[in-house]
Amino acid sequence: MGGGARELAGYLAALGGWVAALAAAALPQWRQSSYAGDAIITAVGLHEGLWMSCAAQSTGQVQCRLHDSLLSLDGTSRALMVISLLLGFFGIIVSVVGMKCTKVGEEDPITKSRIAVAGGVLFILCGKPLGSCSLCASFGDTQPHSSLYEFGSALFVGWGAASLTVLGGSLLCCSCPAKERQGQQYYRQSQPSTAREYV
């Protein structure tokens, strides 16, 4: 795969991962109630997200309520998710500037490649908090609940987003420029002729 195609594939994968991370942050299904082993089947399904908790009735009616306090659910999860989204946003901007297929900064290809690598590093850093915050949100339950909770669909979206951003960032980092040659450059010199010219 050529350098430009690799950069474009990495950028699209990382951009898709960032959009999925944004969706995972907004969805309220980080944890959902589990009825495994219960003899009584309730008509209400409970969902918790980073910003709100919802109750879905069996009739189809859904009622959501914002968390009363920013610290009601694990605050670390929110902080890591916001940091991850910010890193991804800056990674999008930096990567566009550094990609070979854009016209910005064409006069210096080495600096342009380094900017693309910096965007890839930002995307890799974006993917790291995504994985840890989903684990933190799923296991960091500090409030007692009457029902058990299991992984919600937003966690799987978050893990997929983390995988895509790390993959895309890694592909962008592969556009690292070749090492600059330092020291003397060797030129092919013409050898002096051994035959003497006689006049």
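The values are calculated or read from the model by the stated rules, or taken from the named source; none is laboratory data. None of the values given here were measured: they were computed from a predicted structure. Cβ: placed from backbone, ideal geometry, glycine included. Neighbour counts: every protein chain shown. Heads up: the accessible areas ignore ligands, DNA and RNA and are worked out on the full protein's heavy atoms, side chains in. Shrake-Rupley method; radii C 1.70, N 1.55, O 1.52, S 1.80 Å.
Yes or no, residue by residue, for (1) closer than 30 Å to residue 148 by Cα; (2) open to solvent by 20 Å² or more (accessible area, probe 1.4 Å); (3) modelled with pLDDT of 90 or more:
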| residue | (1), (2), (3) |
| --- | --- |
| 76 | yes, yes, no |
| 85 | yes, yes, yes |
| 88 | no, no, yes |
| 94 | no, yes, yes |
| 121 | no, yes, yes |
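Candidates are the residues of region 101-116 that are without any contact (Cβ under 8 Å) to a residue 60 or more places away in the chain and open to solvent by less than 40 Å² (accessible area, probe 1.4 Å); the one that is farthest from residue 166 (Cα to Cα) is 105.
Among the conditions (1) open to solvent by 70 Å² or more (accessible area, probe 1.4 Å); (2) modelled with pLDDT of 80 or more; (3) not small (Gly, Ala, Ser), residue 52 misses just one, which is (1). Pairs are defined by a Cβ separation below 7 Å, a sequence spacing of at least 6 or placement on different chains, a first member in region 18-30 that is touching a residue at least 60 places away in the same chain (Cβ under 8 Å), and a second member that is surrounded by 18 or more Cβ atoms within 10 Å (Cβ to Cβ) and of a type in the set (D, E, K, R); the pairs so defined are 28/48; 30/48.
Within region 146-181, the set of residues being modelled with pLDDT under 85, under 30 Å from residue 45 (Cβ atoms) and open to solvent by 70 Å² or more (accessible area, probe 1.4 Å) comprises 146, 148, 150, 151.
One line per residue, one yes/no per condition, for (1) assigned to a helix (DSSP H, G or I); (2) within 30 Å of residue 53 (Cβ to Cβ); (3) modelled with pLDDT under 90:
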position	(1), (2), (3)
91	yes, no, no
112	yes, no, yes
115	yes, no, yes
183	no, no, yes
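For the condition modelled with pLDDT under 90, under 30 Å from residue 117 (Cβ atoms) and open to solvent by 20 Å² or more (accessible area, probe 1.4 Å), residue 42 does not qualify. Is it the case that some residue within region 7-16 is at pLDDT below 80, of a type outside the set (Phe, Trp, Tyr) and either surrounded by 17 or more Cβ atoms within 10 Å (Cβ to Cβ) or not in a helix (DSSP H, G or I) (or both)? No: region 7-16 contains no residue that is at pLDDT below 80, of a type outside the set (Phe, Trp, Tyr) and either surrounded by 17 or more Cβ atoms within 10 Å (Cβ to Cβ) or not in a helix (DSSP H, G or I) (or both).
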